[in-house]
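Remarks on the structure that follows.
The values are calculated or read from the model by the stated rules, or taken from the named source; none is laboratory data. A quick note: this is a predicted structure, and the numbers were derived from the prediction, not measured. So basically every Cβ, Gly included, is an ideal-geometry build from the backbone, and we count neighbours across all protein chains shown.
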Amino acid sequence: MASPLIVAVVVLVVAYLVSLRNRHKYPPGPKGLPVLGVAKEHPKTEFWKTYAEWGRKYGNIGFISFHVLGRRMVVINSAAVAEDLLGKRSLIYSDRPFPPMAGQLMKREKSMFYISYNERFKTYRKFMHSSFNPNASQLHWPILQKQARIMVANISKTPQNLVEHLRRNAAATTMKIAYGYTIDKDRDHFVALAEEGMRVGSLAGAPGKWLVDSIPALKYLPDWFPGAGFKRQAKAWSDQLYTQSLEPHDWVKAQMAAGTAEPSFTSRLLESRDPHVSEAEHDDLVLWTGGAIYAAGADTTVSSVKTFYFLMMLHPDVQKRAQAEVDSIVAKEGRLPTIQDRPSMPYLDAVLQEVLRWAPPSPIGVFHCTSQTMNTTATSSPQRRPSSRTSGR
Ligand code: HEM
């Protein structure tokens, strides 16, 4: 029988030869080492800066590719390529990777951020579109406006607590939109749950933190096995994240039953069930989409507004010019500006666009993966998931 060393060498050589054979199929990029790929030179933080540099170095053609420990990644470096692949060819590129720790062990297959490109995903998109398309978004304007005014008043009272006020504003806005829920205390129960959920989500998804993400076979260890603490942790976090979505969802249902619910994303959808979908299934779909709104909208908004304040401190001349635009409305109309005034504030509008461009809150977006092979001659073998993906909540 071959010794383990010989087997290991053969496996490495085969892996190397396969990687050589496949290389021409991918966009250009750093080759790195055999087997390891760019694992050693891949930065631990602010990797988008390195990706941009690699993009320039490898031909400036809008995307690059490399592998880390055999895992192939393609980074899109141009808006035109992103629009082409993720927009026009979304049928192929809308799937999401499903990592062992944050996805599989935590049973997050129904999460908006991990769901595969399937019928359920399409329902999620339909639900989101019904509330966040350009027209429907106007329904949320009164909420945004009211919360913005509360925030401005709070900042002028205690400017030293700026970030706290920004966080409260984002939480109040997203909870109101998602559930019609009003935050009235500093330490709100639902907000605390959601914040804890964000913390758990980012810990579970932290790149390189969990060995099981590099060696997926570890997920088959029994829970009691020494060193399998990550499995027990995943189970506890899975329950916790589910509770975070369930509690406010059930709260809306109780309000609806009592006739006191404020219209919200959740209440509107609960009232408009497709008769072909069972009540339980519809309830579950609404629960998972509603639960994504805080996660998607809170930190991103806080990050952008923080960037805005930072940039205004760096560029007081820009602040002055934008302020003059706001003041002109106040002086002319004797009122605070509203969202409807945006077209008459082109400079401020450009400043806000620049804030999002200069420091995007999510600089590398959310990972996508293909649902078909990249081989142009064989286009339909599924890339992503095992077929046992139905056990999640
Ligand atoms: C500056 C603010 C924001 C930024 C930069 C941002 C950025 C992003 C990005 C990069 C994605 C991933 C898209 C992809 O899969 O390629 C995303 C998805 C999403 N965002 Fe935002 N977002 C922001 C604010 C919000 C807000 C305020 C909400 C809701 C109130 C929201 C709801 C969502 C949802 C539901 C998804 C998932 C969509 C899907 O998978 O189809 N986002 N966002």
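Listed residues T260, T289, T266, T307; which is in a loop (DSSP other than H, G, I, E, B) and modelled with pLDDT of 95 or more?
Values: T289 fails: in a loop (DSSP other than H, G, I, E, B); T266 fails: in a loop (DSSP other than H, G, I, E, B); T307 fails: in a loop (DSSP other than H, G, I, E, B).
Result: T260 is the single residue among T260, T289, T266, T307 that is in a loop (DSSP other than H, G, I, E, B) and modelled with pLDDT of 95 or more.
So is R342 assigned to a helix (DSSP H, G or I) and farther than 30 Å from S202 by Cβ or not? Don't jump to the end; show me each part of the working.
Numbers: assigned to a helix (DSSP H, G or I): yes; farther than 30 Å from S202 by Cβ: yes.
Spelling it out, R342 is indeed assigned to a helix (DSSP H, G or I) and farther than 30 Å from S202 by Cβ.
Any residue at all in the range 118-126 that is in contact (Cβ under 8 Å) with a residue 24 or more places away in the chain and near the ligand (Cβ under 10 Å from one of its atoms)? Break it down into steps so the answer makes sense when it comes.
Of the range 118-126, the ones in contact (Cβ under 8 Å) with a residue 24 or more places away in the chain are 120-121, 123-124.
Now restrict to residues that are near the ligand (Cβ under 10 Å from one of its atoms): 121, 124.
Yes, there is a match, as at least one residue in the range 118-126 is in contact (Cβ under 8 Å) with a residue 24 or more places away in the chain and near the ligand (Cβ under 10 Å from one of its atoms).
Can you tell me which of (1) of a type in the set (V, I, T); (2) in a helix (DSSP H, G or I); (3) under 19 Å from R120 (Cα atoms) is the one V252 doesn't meet?
Among (1) of a type in the set (V, I, T); (2) in a helix (DSSP H, G or I); (3) under 19 Å from R120 (Cα atoms), V252 violates only (3).
Please verify whether E281 is charged (D, E, K, R) and under 17 Å from Y124 (Cβ atoms), treating the condition exactly as stated.
Numbers: charged (D, E, K, R): yes; under 17 Å from Y124 (Cβ atoms): yes.
Judged against the criteria, E281 is a match.
Of all residues in the range 76-103, how many are away from the ligand (no atom under 13 Å from the Cβ) and touching a residue at least 12 places away in the same chain (Cβ under 8 Å)?
The total comes to 11.
Which members of the range 41-74 meet the condition of being touching a Gly at 6+ places or on another chain (Cβ under 8 Å) and among the aliphatic types (A, V, I, L, M)?
Correct list: I64, V68, L69.
Quick one: how many residues across the range 198-250 are farther than 28 Å from I364 by Cα and touching a Phe, Trp or Tyr at 6+ places or on another chain (Cβ under 7 Å)?
2
Out of K332, K320, which single residue is among the basic types (K, R), at pLDDT below 90 and surrounded by fewer than 17 Cβ atoms within 10 Å (Cβ to Cβ)?
Details: K320 fails: at pLDDT below 90.
After ruling out the rest, the residue left standing is K332.
For the range 345-369: of the residues being in contact with a Lys or Arg (Cβ under 8 Å, 6 or more places away or on another chain) and outside any helix (DSSP H, G or I), which is farthest from the ligand (Cβ to nearest atom)?
The extreme case among them is C369.
What's the number of the condition T45 fails, among (1) among the polar types (S, T, N, Q); (2) part of a loop (DSSP other than H, G, I, E, B); (3) within 16 Å of the ligand (Cβ to nearest atom)?
(3)
Six or more apart or on different chains, Cβ under 8 Å: which pairs go from a residue in the range 157-183 that's in a loop (DSSP other than H, G, I, E, B) to one that's at pLDDT below 95 and β-branched (V, I, T)? Could you list them?
I183/V191
So A194 ticks every box in (1) modelled with pLDDT under 95; (2) closer than 23 Å to R232 by Cβ but one. Which box is left unticked?
Every condition holds for A194 apart from (2).
Residue by residue through the range 116-140, note down the ones that are modelled with pLDDT under 95 and not in a helix (DSSP H, G or I).
Hits for the range 116-140 are S116, Y117, N118.
Working carefully through the options I115, I61, find the one that is hydrophobic (A, V, I, L, M, F, W, C) and touching an Asp or Glu at 6+ places or on another chain (Cβ under 9 Å). Give the derivation first.
Details: I61 fails: touching an Asp or Glu at 6+ places or on another chain (Cβ under 9 Å).
The conditions single out I115.
I need the full set of residues from the range 320-339 which are not in a loop (DSSP other than H, G, I, E, B) and not small (G, A, S), in order please.
Within the range 320-339, the first condition is being not in a loop (DSSP other than H, G, I, E, B), and the residues that meet it are 320-333, 339.
Answer for the range 320-339, where residues must be not in a loop (DSSP other than H, G, I, E, B) and not small (G, A, S): K320, R321, Q323, E325, V326, D327, I329, V330, K332, E333, I339.
Hey, among the residues in the range 150-193 that are among the basic types (K, R) and surrounded by 13 or more Cβ atoms within 10 Å (Cβ to Cβ), which one's nearest to the ligand (Cβ to nearest atom)?
Within the range 150-193, the subset among the basic types (K, R) is 157, 167-168, 176, 185, 187.
From the residues that got through so far, the ones that are surrounded by 13 or more Cβ atoms within 10 Å (Cβ to Cβ) too are 167-168, 176.
On the way: R167: 14, R168: 15, K176: 10 Å.
Here the residue is K176.
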